[in-house]
Amino acid sequence: MAITAEAVVIGGGIHGVSVLYNLAKKGLKNIFLFEKEYLTSGATGRCAAGVRHQFGTKINCLLMKESMKLLENLEEELNFDRSIEFTRGGYLMLAYNESQVKQFNENIKLQHELGIKESVFLSPQEIKEIVPDLNLEGVIGASYNPKDGHANPFMVTFAYAEAARRMGASIITHNRVLDIEIIRPGLFKVITEKGVYETPVVVNCAGAWGKELAKKLSIDIPVYPERHQIFVTEPIEYFLPCMVISFLHGTYFKQSPNGTILMGVGDPEHEVKDFNVNSSWDFLENAVKKFVFHLPKIKNLRIVRHWAGLYDMTPDQQAIIGKTDVEGFYLDLGWSGHGFQMGPIVGLLLAELVVEGKSHIDIDVLNLKRFEKGELIFEPACV
Ligand SMILES: Cc1cc2nc3c(=O)[nH]c(=O)nc-3n(C[C@H](O)[C@H](O)[C@H](O)COP(=O)(O)OP(=O)(O)OC[C@H]3O[C@@H](n4cnc5c(N)ncnc54)[C@H](O)[C@@H]3O)c2cc1C
């Protein structure tokens, strides 16, 4: 016999747990999250967890302005007894040519207009004062915001999950959603490995796997997986206060609170576009050269871990969120390489949409319909 639920959330990454928590906070009872493996097993547990105000589209700036505020007080809000390791050492975006300088200055202008006043453009000398060990060969400036930083993606996810559970929500891991059927408009049958559920609300937070689930309801979403890889060195004494990104090299890196250096490279031309999350030797060889260029002092460090994860890509590298033509079926996916940081605010907005019919930030520009209408919105500040 089917179990009755007020809402079902699919996917145990940052978006799933944030939506679940916010639905519980809005008073929904009998709500369930299903995860086919374990919490954080998707992109969330494999990401670099950089968080930043510095975007080049209005919607991403507005979302991050609020997400940052939520991250600032997250341990308190969620009554979490550990640290989410939210570190505000700033984020440097290196410019190597005039077109990047122009783009970064346009981004900074937009950020200022939206109240993100701390973003500035730095000269190479000013960059050197922040990270003396960074190789500035070819660098002609950088966009910088001292309030940006990074966090621990596992701790942030667990903080939301534990808070949601305390409020009565159920999280069932190792439980794949196999099928979704419409019983009648506004009522679904969700068939999982561990049971069948009837619910008026389904939120698809299944990341790179979300396309298949939407297809069960004949909804076509243009999401595809793209492998991205990261490696981590042994720990060394603290020298890198901020996250650094180079769009020219496709590289980003940070020093974690435990002293290890985490480095990733986006290589869309060569990376596979399937569900393979094996890490590759080729990547390591190429990536190491790039990082020794950026940070010559790490050249003798040992690499202790190397892994891959999936970006859930869309044609404009922007997320797909909100209602669909199927009543009660919502999307929150397609976050490509910047979705971890958006989790706190978007979970809240989705819960508002489900419970109150309207979100306090207008997220309509990220609706699925934009692809049909040809209204793509390209984000110039992503890797
Ligand atoms: C290498 C790398 C670096 C990144 N760096 C950053 C960064 O610095 N900053 C940033 O903000 N973002 C970054 N990202 C992007 C970020 O990781 C993602 O945008 C974000 O984690 C997406 O969260 P999610 O909850 O939507 O998806 P996911 O974390 O992928 O969660 C989806 C979950 O759904 C589950 N699932 C799928 N199908 C089913 C099913 N049928 N039944 C049940 N469960 C199912 C999956 O197992 C998975 O756990 C990076 C990503 C990668 C791969």
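The values are calculated or read from the model by the stated rules, or taken from the named source; none is laboratory data. Since this is a predicted model, take the numbers as computed values, not measurements. Glycine also receives a Cβ, built like all others from the backbone with ideal geometry; neighbour counts cover every protein chain displayed.
If the requirement is being among the acidic types (Asp, Glu), touching a residue at least 24 places away in the same chain (Cβ under 8 Å) and closer than 30 Å to residue 190 by Cβ, which of these qualifies: 6, 85?
6
Scan the range 198-246 for residues that are within 30 Å of residue 28 (Cα to Cα) and surrounded by fewer than 21 Cβ atoms within 10 Å (Cβ to Cβ) and jot them down.
Matches in the range 198-246: 198, 200, 209, 211, 212, 215, 216, 217, 218, 219, 220.
For the structure I just gave you, tell me whether residue 203 is within 23 Å of the chain's Cα centre (by Cα) and part of a strand (DSSP E or B).
yes
Report the residue count in the range 222-266 for those that are touching a residue at least 24 places away in the same chain (Cβ under 8 Å), farther than 21 Å from residue 54 by Cα and not in a strand (DSSP E or B).
Qualifying residue count for the region: 9.
Is there a residue in the range 341-362 that is at pLDDT 95 or above, within 11 Å of the ligand (Cβ to nearest atom) and assigned to a loop (DSSP other than H, G, I, E, B)?
So far as the range 341-362 goes, yes, one or more of its residues are at pLDDT 95 or above, within 11 Å of the ligand (Cβ to nearest atom) and assigned to a loop (DSSP other than H, G, I, E, B).
Out of the range 184-200, which residues are more than 11 Å from the ligand (Cβ to nearest atom) and either in a helix (DSSP H, G or I) or acidic (Asp, Glu) (or both)?
198 - this is the single residue of the range 184-200 that is more than 11 Å from the ligand (Cβ to nearest atom) and either in a helix (DSSP H, G or I) or acidic (Asp, Glu) (or both).
Can you name the residue in the range 309-322 that is in a strand (DSSP E or B) and touching a helix residue (DSSP H, G or I) at 6+ places or on another chain (Cβ under 7 Å) and is also nearest to the ligand (Cβ to nearest atom) among such residues?
309
Any residue at all in the range 56-79 that is surrounded by fewer than 16 Cβ atoms within 10 Å (Cβ to Cβ) and among the polar types (S, T, N, Q)?
yes
Give me the residue from the range 32-51 that is surrounded by 24 or more Cβ atoms within 10 Å (Cβ to Cβ) and more than 6 Å from the ligand (Cβ to nearest atom) and, out of that set, nearest to residue 329 (Cα to Cα).
33
Do you know which of the residues in the range 11-30 that are more than 13 Å from the ligand (Cβ to nearest atom) and at positive phi is surrounded by the most Cβ atoms within 10 Å (Cβ to Cβ)?
Taking the range 11-30 first, the residues more than 13 Å from the ligand (Cβ to nearest atom) are 22-30.
Add one more test, that the residue is at positive phi, and what stays is 27, 30.
Details: 27: 9, 30: 15.
Ranking the qualifying residues of the range 11-30, first place goes to 30.
Mind counting the residues in the range 323-340 that are within 8 Å of the ligand (Cβ to nearest atom) and either within 26 Å of residue 181 (Cα to Cα) or touching a Lys or Arg at 6+ places or on another chain (Cβ under 8 Å) (or both)?
Qualifying residue count for the region: 3.
Quick check, is residue 97 out of contact with any Leu (no Cβ under 8 Å at 6 or more places or on another chain), modelled with pLDDT of 95 or more and of a type outside the set (Lys, Arg)?
Spelling it out, it is not the case that residue 97 is out of contact with any Leu (no Cβ under 8 Å at 6 or more places or on another chain), modelled with pLDDT of 95 or more and of a type outside the set (Lys, Arg).
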